[in-house]
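Read-outs throughout are calculated quantities, based only on the coordinates presented, and are distinct from any laboratory measurement. Remember, predicted model here, so these are calculated numbers, not experimental data. Don't worry about glycine lacking a Cβ; one is built from the backbone with ideal geometry, like all the others, and counts go over all protein chains shown.
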Protein chains: 2
Amino acid sequence: MAGPEIERLIQLLARLPGLGPRSARRVALRLLERREILMEPLAQALTEAAARIRPCRRCGNFDTVDPCAICADPRRDPSLLCVVEDVAALWAMERTGSFSGRYVVLGGLLSALDGVGPDDLGIGRLLDRVGEGGVAEVILALPATVDGQTTAHYLAERLEGGAVAVSGLAQGVPVGGDLDHLDDGTITAALRARRRV
Amino acid sequence: MAGPEIERLIQLLARLPGLGPRSARRVALRLLERREILMEPLAQALTEAAARIRPCRRCGNFDTVDPCAICADPRRDPSLLCVVEDVAALWAMERTGSFSGRYVVLGGLLSALDGVGPDDLGIGRLLDRVGEGGVAEVILALPATVDGQTTAHYLAERLEGGAVAVSGLAQGVPVGGDLDHLDDGTITAALRARRRV
């Protein structure tokens, strides 16, 4: 129906998260209709990104420089080390603007079901960083899911006995959260962790 | 937060249909994580498509050749001319495999609200094709919307008095359509257009 070049483009687009064969077709058509203002710039941005952006060997963040801008920034506090599941979580932390330390990206979570063990994650990277000294606190900013909490427990055990404090994000009612729309688990956790006001 | 190359990529991805800033970020991360198997092939496919695929000057379809494969195919019936809104509709017609004629892509629909007049559409292309002779029937395969039907009426008037028959797609219950889930307008149209069985 469409030529092989268009079919190949649609097939690749359909492999992006959130796109299926139907929406990939729509995206391909939009790109073809806006060749000069959308397709050509996107082709160029992808080519440049593929050529220049690499994972930082120190923390796992993506950047055009290695070590990345965060690892290289002397204004960031080297005594605070935040452990995140992936670069998406790192970006989410950075968007808040409320963390001034550095990161280690695990690249996943422990999962018996998916066969992900400690050797599959950047745990060596974390232990090396702590072993270098200068880290006072490791913040486990991992998801409040079964795999996230299993991973947090495992890491807390591995770090036990060292000189670093290990902490995790607080669990409770999200900002703007309406009790009526929250799940029971969140309300129970918020009640248990209640604070004097 | 991310470098300017990543920000530029996210901004361009966010302009694709169905993607917002949040999903564009997710897509960018997936691309960076799968650089060799996804990002580089997609960059190459886009570069090639941008360089090679052009609208067919005869019908408006996208192809690497001009006239396109459909216009150039001698097995297609030149006496049947199907008028579609855009290339998406042309592809939808082709997927059915039940049309053996050729096409004219209008590139939109008449719309007083959006300020789209006859001169903004490929109507000249349609009239030229009919004027060349050899066309026996023009099939208006336009959407069953207000703008689609306005455009169909306008085209039918413009073609009136010529030697060509003008037809439109039948309206009725879609295949697999359950009456309980259909809108009143469709049921009314199907009832009015009822046929002896």
Give me B:99, B:62 ranked fewest to most by other Cβ atoms within 10 Å of their Cβ, as a rough exposure proxy. B:99, B:62
Over chain A, calculate the relative contact order: mean separation of alpha carbon pairs under 8 Å at least 6 apart, over the residue count, as a percent. 13 percent
Cα centroid separation, the stretch A:62-112 to the stretch A:121-159 (Å): 13 Å
Charge tally for neighbours of residue A:112 with beta carbon under 13 Å away, counting Lys, Arg as +1 and Asp, Glu as -1, is -3
For the stretch A:4-52, shape from the Cα gyration tensor axes a ≥ b ≥ c, cut at a/c of 1.5 then a/b versus b/c, turns out oblate
Shielding by partners for A:6-19, please: the mean number of other protein chain Cβ atoms within 10 Å of each residue's Cβ. 6
One can check that the equivalent ellipsoid of the protein assembly as shown, built from the alpha-carbon gyration tensor with semi-axes equal to the square roots of five times its eigenvalues, has lengths in Å, largest first, of 56, 26, 17
Listed residue (B:46, B:28, B:59) projecting farthest to the positive dipole end of the stretch B:12-62, Cβ model: B:59
Over the alpha-carbon set of the stretch B:74-126, work out the extent along each principal axis and list the three values in angstrom, largest first. 39, 21, 10
Anisotropy class of the stretch B:158-197 from Cα gyration tensor, a/c 1.5 cut: prolate
Theoretical ellipticity at 222 nm over chain B - DSSP helices of four or more residues, -39500 (n - 2.57) apiece, nearest 500: -12500 deg cm²/dmol
Looking at the stretch A:24-111, what % of the alpha carbon pairs are farther apart than 16 Å? 64 percent
Can you tell me the mean projection area, over all orientations, of the convex hull of the stretch A:75-168's alpha carbons? Units nm², please. 5.9 nm²
Of the DSSP beta bridges with both residues in the protein assembly as shown, give the percent that are antiparallel, rounding to the nearest 5. 20 percent
Evaluate chain A: find the radius of gyration of its Cα atoms, find its Kirkwood radius, and give the ratio Rg to Rh. 1.06
Interchain or sequence-distant (5+) residues whose placed amide H lies within less than 5 Å of the amide H of residue A:139 are A:81, A:82, A:83, A:167
Pairs of Cα atoms farther than 14 Å apart, the stretch A:139-180, %: 55 percent
Shortest-first distances to equivalent copies, position residue B:144, nm, label 7 Å out along Cβ: 4.8
